[in-house]
Structures are given as structure tokens and as C-alpha cells.
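Quick notes on the structure that follows.
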Amino acid sequence: VQLQASGGGLVQAGGSLRLSCAASGRMFSNNGLAWFRQAPGSEREFVAAISWNGAYTEYADSVKGRFTISRDNAKNTAALQMNSLKPADTAVYYCAAARSAGLGTTTRGIRSWGQGTQVTVSS
């Protein structure tokens, strides 16, 4: 699975952004998908994950209630809706395909990464 993320940008605190992830490869619907992020000087961290059929989702505590992950297997796309953004959300965001059909919540559970998209939240 090859992934390409888009939709990042500069937004004021309290604003919203929607990240998109376009996938190629016929194995897309067999894999869980996830979003991770990495701020300068920090390790890549888990943000949100969704199972192969969208039935299960999981979120980092820091984004629960503000971010929503979704996927459309018919279109080979995934999305991350981010609301009530905070300066602490500033990072490069990566979409990723899990090794399994379930929830890939650790970097070890990821089989392929897309290129990142920068999200900057100003105060």
C-alpha cells in the first residue's frame, strides 16, 4: 500500500483542518489505517487508528473528542478531521497502513508510511 497525505496548513487555535490520505494498491481495504504525528525534536506519536472496515477506532488521549478518523474503502481514502486545534497539535502528520486489519497504534505495527503533511496551529 502506498499512501499520500494532504490537507495540512496554518490555522489559528480553535480552528479546524481536515487531512486526507489517498492510497494506491488493492490491499488497502485489508489493512487498518492510522495517523501519527511528529513535532520537531520529538518522537513520532500515535494520533488515531481505524480498523479495516471502520468498525473500530482508537484515539490518543490528547485528541479524544476533537479529532475524528474515517475511511472510505470504495475510494481508497482516509481522513482525519481535526477540530478545536491547539498549538500543541503543531506537527508533521503521517498517514500509515497497519500490518494487520486491526488498529495500528504503535510504530512497530505499521507496514507502510505516507509522506507527511505539516500542520501549524498559531496561538
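The values are calculated or read from the model by the stated rules, or taken from the named source; none is laboratory data. What you see is a predicted model; the values in this text were computed from it and never measured. Cβ sites come from the backbone with ideal geometry, for glycine too, and all protein chains shown count toward neighbours. Ligands, DNA and RNA are stripped out before the accessible areas are found, and what is left, the full protein with its side chains, is counted by its heavy atoms. Shrake-Rupley method; radii C 1.70, N 1.55, O 1.52, S 1.80 Å.
Annotations for the structure displayed:
- In region 29-40, the condition of being over 17 Å from residue 109 (Cα atoms), modelled with pLDDT of 95 or more and in a strand (DSSP E or B) is met by no residue.
- With respect to (1) more than 19 Å from residue 1 (Cβ to Cβ); (2) in a strand (DSSP E or B); (3) more than 12 Å from the chain's Cα centre (by Cα), the lone exception for residue 112 is condition (1).
- Residues that are open to solvent by 60 Å² or more (accessible area, probe 1.4 Å) and free of Cβ contacts under 8 Å to residues at least 60 places away in the same chain were ranked within region 71-117; the one that is farthest from residue 50 (Cα to Cα) is 88.
- Residue list for region 26-57, restricted to those being open to solvent by 20 Å² or more (accessible area, probe 1.4 Å) and under 11 Å from the mean Cα position of the chain (by Cα): 45, 46
- Among the candidates 120, 68, residue that is in contact with a strand residue (DSSP E or B) (Cβ under 9 Å, 6 or more places away or on another chain), β-branched (Val, Ile, Thr) and free of Cβ contacts under 8 Å to residues at least 40 places away in the same chain: 68
- Residue in region 80-88 that is under 22 Å from residue 1 (Cβ atoms) and either of a type outside the set (Asp, Glu) or in contact with a helix residue (DSSP H, G or I) (Cβ under 9 Å, 6 or more places away or on another chain) (or both) present: yes
- Filter result (more than 11 Å from residue 84 (Cβ to Cβ) and either surrounded by fewer than 17 Cβ atoms within 10 Å (Cβ to Cβ) or charged (D, E, K, R) (or both)) within region 10-24: 10, 12, 18, 20, 22, 24
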